[in-house]
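Encoded as structure tokens, the structure appears first; notes follow it.
The values are calculated or read from the model by the stated rules, or taken from the named source; none is laboratory data. Keep in mind that what you see is a predicted model, and the values were worked out from it rather than measured. Cβ atoms come from the backbone with ideal geometry, glycine included; neighbour counts cover every protein chain shown. Remember, those area values only see protein heavy atoms, side chains included, never the ligands or the DNA or RNA. Shrake-Rupley method; radii C 1.70, N 1.55, O 1.52, S 1.80 Å.
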Amino acid sequence: MAQRDATTERGWPIARFLRMRSAPSWADLISFLLLAAAAVLIVRGAGEASQPLAALRATPVTLDVARLPEYALRTTLRMFAALGASLVFTFVFATLAAKSRKAEMIIVPALDILQSVPVLGFLTFTVTFFMNLFPGRQLGVELAAIFAIFTSQAWNMTFSFYQSLRTVPNDLDEVSRQFGFSGWRRFIRLDLPFATPGLVWNIMMSMSGGWFFVVASEAITVGNTTVTLPGIGAWLALAIERQDLHAVAIGVGAMAVVILLYDQLVFRPVVAWADKFRFEQTKSQEAPQSWVYAMVRQTRWLRVGFAALAWPMRQIGRIDWSVPRPPALRLGGETNRILDILWLVIIGGFAVWAVAVLAGFVSHTLNWSDVWTVTGLAFATLVRVLVLIVVASLIWVPIGVWIGLRPIWAERLQPIAQFLAAFPANVLFPFAVVVILRFRLDPNIWLSPLIILGTQWYILFNVIAGASAISTDIKEAARIFDIRGWQWWRQVALPGIFPYYVTGALTASGGSWNASIVAEAVSWGHEHIEAVGLGSYIANATAAGRSAQVALGVAVMSVFVTALNRAVWRPLYRYSERRLRLD
């Protein structure tokens, strides 16, 4: 898994560049044009984002097709900015949770709660903060939108990285200890490469999942004023508001083009590059392919240029950041237990304080009967979420395994899966309303599929990642011993994908609770239908501006999500760590 270091073999990049007398290849020219075009687009998008806020009122969002490329550029830049922030968040907090048991006791429950808080809930509390950072400028609103998209991208990436760090094979862990790696070198040389394949697929899922919330994040409401940012989400929101299906189709088409472009230019090369980090001893015969990755490998000047830019980072990676440690303080088992209890008491104290603050806030207008009512509604949504997770697992686990074991088909289906995952489910809500009213169907049943529509892809993408990570050694051994049928699923496929599936199901479950807020209460024009559940309760309270009911609903949802994760998904995580490691 160690990466080959060309700079060590051939000297410093600058010296290589000076010695190189060959002309740039065709690959250099095409790569330079692509990079120059990307740089121009980024500079232009950043320049527009720094304009005064009054410019938005002068040129409001319209359904003019000529402005759609600009909207696509602005939305894409926001999503990649949020993705960058999500990566930094993932590396910091997932690593802390995986390496420190006490940090894990805080970070993991916090992630459970954060992934259940609605995106609109984050916007309510953060938009004022960001706008005050840059008063009178679009940049403040842009940062609020980027933060809202970040909240829809970060959690599954963090859970995936955390799960990978917890299941690093023991023999690799032992080797890193024998070499005396510092924490930094171990992260660069072992943890990050081992976790990369699963993280790459979750990055793609996060990018697609971000589209689901783009419609909400590009319309920022401050008091009685709504600021609409130029973007595909704003286009779709305006088209839905005007019931213009033609404009909706154009917006979805533009979204498909953008997804195809960044799949070809960014994600497919990254998947091909990340294949070298698979944990196996026998090289796979079917490695993922990418024309961009192949072209970059044929460049001459560009590779030397990148090597020169990456040279400082390589030198930093070689530095042993270990510092002399004081003699280890050996504590007895009884002392450790006392410290753990003190730690739990401190965390419990903060939790009690938070509950007291919340209770004080809602008790002015609500009483215990409201609490019992909301709890009953939460059980109705819980049943929907559990049933839908089971149904989605039965559908997508076999399909994900089939795709993950066939890299050629994974390349073909990758952009389609990203488009389906990115497809904003609220575009389908009008059709659901029409069908339910036309055939007089029960909304409590037939609105339920809308909950899982945008979140089922977490299961598919993680299962594909897990199946792709099954080593060639294991597959060859299964073929030699003629292991087939259910025995193959029980002894090869399911153990290989299980840790990844748990991550996908956990994030799909959390996302489904979040999606229930928009899926249990659906409108199209003057028609409005809703299902009985916690999501419709929060949606109605939000529309009516009853903040105490919103706070109570979100708090109960957080309690249910955390309890479900603790009762179901965490035990499955621990089982995969104990029994399904690649040792």
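Numbers below:
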item: All positions within the stretch 509-534 that are surrounded by fewer than 23 Cβ atoms within 10 Å (Cβ to Cβ) and acidic (Asp, Glu); result: 527, 530
item: Some residue of the stretch 90-100 being under 16 Å from residue 217 (Cα atoms), in a helix (DSSP H, G or I) and either open to solvent by 40 Å² or more (accessible area, probe 1.4 Å) or β-branched (Val, Ile, Thr) (or both); result: no
item: Scope the stretch 130-147; condition open to solvent by 70 Å² or more (accessible area, probe 1.4 Å), touching a helix residue (DSSP H, G or I) at 6+ places or on another chain (Cβ under 9 Å) and farther than 15 Å from residue 57 by Cα; matching residues; result: 132, 133, 134
item: Residue check for residue 567: under 30 Å from residue 354 (Cβ atoms) and open to solvent by 20 Å² or more (accessible area, probe 1.4 Å); result: yes
item: Single match in 523, 516 (criterion: assigned to a helix (DSSP H, G or I) and among the polar types (S, T, N, Q)); result: 516
item: For residue 455: the one exception among (1) in a helix (DSSP H, G or I); (2) buried (at least 19 other Cβ atoms within 10 Å of the Cβ); result: (1)
item: Candidate set: the stretch 224-272, residues that are more than 30 Å from residue 410 (Cβ to Cβ) and among the acidic types (Asp, Glu); chosen: the one surrounded by the most Cβ atoms within 10 Å (Cβ to Cβ); result: 244
item: Given (1) surrounded by fewer than 23 Cβ atoms within 10 Å (Cβ to Cβ); (2) modelled with pLDDT of 85 or more, index of the condition residue 154 fails; result: (1)
item: Residue under evaluation residue 136, criteria (1) modelled with pLDDT of 85 or more; (2) more than 22 Å from residue 509 (Cα to Cα), criterion not met; result: (1)
item: Filtered residues of the stretch 212-235 (kept if at pLDDT 85 or above and aliphatic (A, V, I, L, M)); result: 229, 232, 234
item: Residue count for the stretch 276-304, restricted to those that are part of a helix (DSSP H, G or I) and either at pLDDT below 80 or aromatic (Phe, Trp, Tyr) (or both); result: 8
item: Residues of the stretch 356-372 that turn out to be open to solvent by 30 Å² or more (accessible area, probe 1.4 Å) and either touching a residue at least 12 places away in the same chain (Cβ under 8 Å) or in contact with a Phe, Trp or Tyr (Cβ under 7 Å, 6 or more places away or on another chain) (or both), as a count; result: 6
item: Residue in the stretch 473-492 that is touching a helix residue (DSSP H, G or I) at 6+ places or on another chain (Cβ under 6 Å) and over 24 Å from residue 275 (Cα atoms) present; result: no
item: Residue in the stretch 521-556 that is nearest to the chain's Cα centre (by Cα), counting only those that are of a type in the set (Val, Ile, Thr) and within 25 Å of residue 368 (Cβ to Cβ); result: 554
item: Looking only at the stretch 458-475, and only at residues there that are under 24 Å from residue 153 (Cβ atoms) and among the β-branched types (Val, Ile, Thr), the one that is surrounded by the most Cβ atoms within 10 Å (Cβ to Cβ); result: 463
item: Scope the stretch 222-267; condition within 15 Å of residue 77 (Cα to Cα) and among the hydroxyl-bearing types (Ser, Thr, Tyr); matching residues; result: 262
item: Some residue of the stretch 485-494 being hydrophobic (A, V, I, L, M, F, W, C) and in a strand (DSSP E or B); result: no
item: Tally of residues being of a type outside the set (Val, Ile, Thr), under 22 Å from the mean Cα position of the chain (by Cα) and open to solvent by 40 Å² or more (accessible area, probe 1.4 Å) across the stretch 375-393; result: 1
item: Conditions (1) out of contact with any Ser or Thr (no Cβ under 6 Å at 6 or more places or on another chain); (2) modelled with pLDDT of 80 or more; (3) open to solvent by less than 30 Å² (accessible area, probe 1.4 Å); (4) part of a helix (DSSP H, G or I); number of the one not met by residue 127; result: (2)
item: Cβ-Cβ under 9 Å pairs, at least 6 apart or on other chains, the stretch 421-446 side open to solvent by 80 Å² or more (accessible area, probe 1.4 Å) and modelled with pLDDT of 80 or more, far side of a type in the set (A, V, I, L, M) and assigned to a helix (DSSP H, G or I); result: 446/432; 446/435; 446/436
item: Filter pass, residue 559 being β-branched (Val, Ile, Thr) and within 26 Å of the chain's Cα centre (by Cα); result: yes
item: Those residues of the stretch 49-80 which are assigned to a helix (DSSP H, G or I) and loosely packed, with under 14 Cβ neighbours inside 10 Å, in sequence order; result: 54, 55, 57, 58, 65, 66, 69
item: The lone exception for residue 186 - which of (1) open to solvent by less than 50 Å² (accessible area, probe 1.4 Å); (2) part of a helix (DSSP H, G or I); (3) in contact (Cβ under 8 Å) with a residue 40 or more places away in the chain it fails; result: (3)
item: Any hit, the stretch 163-173, residues being on the phi < 0 side of the Ramachandran plot and touching a Ser or Thr at 6+ places or on another chain (Cβ under 6 Å); result: yes
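Each row is one residue, and each column tells you yes or no for (1) of a type in the set (A, V, I, L, M, F, W, C); (2) out of contact with any Pro (no Cβ under 9 Å at 6 or more places or on another chain).
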{"site": "126", "(1), (2)": "no, yes"}
{"site": "136", "(1), (2)": "no, no"}
{"site": "154", "(1), (2)": "yes, yes"}
{"site": "157", "(1), (2)": "yes, yes"}
{"site": "179", "(1), (2)": "yes, yes"}
{"site": "194", "(1), (2)": "yes, no"}
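Matching residues to (1) at pLDDT 70 or above; (2) open to solvent by 60 Å² or more (accessible area, probe 1.4 Å); (3) in a loop (DSSP other than H, G, I, E, B):
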site: 16; (1), (2), (3): no, no, no
site: 22; (1), (2), (3): no, no, yes
site: 31; (1), (2), (3): yes, no, no
site: 36; (1), (2), (3): yes, no, no
site: 42; (1), (2), (3): yes, yes, no
site: 47; (1), (2), (3): yes, no, no
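Matching residues to (1) part of a loop (DSSP other than H, G, I, E, B); (2) open to solvent by 30 Å² or more (accessible area, probe 1.4 Å):
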{"residue": "483", "(1), (2)": "yes, yes"}
{"residue": "536", "(1), (2)": "no, no"}
{"residue": "540", "(1), (2)": "no, yes"}
{"residue": "543", "(1), (2)": "no, yes"}
{"residue": "558", "(1), (2)": "no, no"}
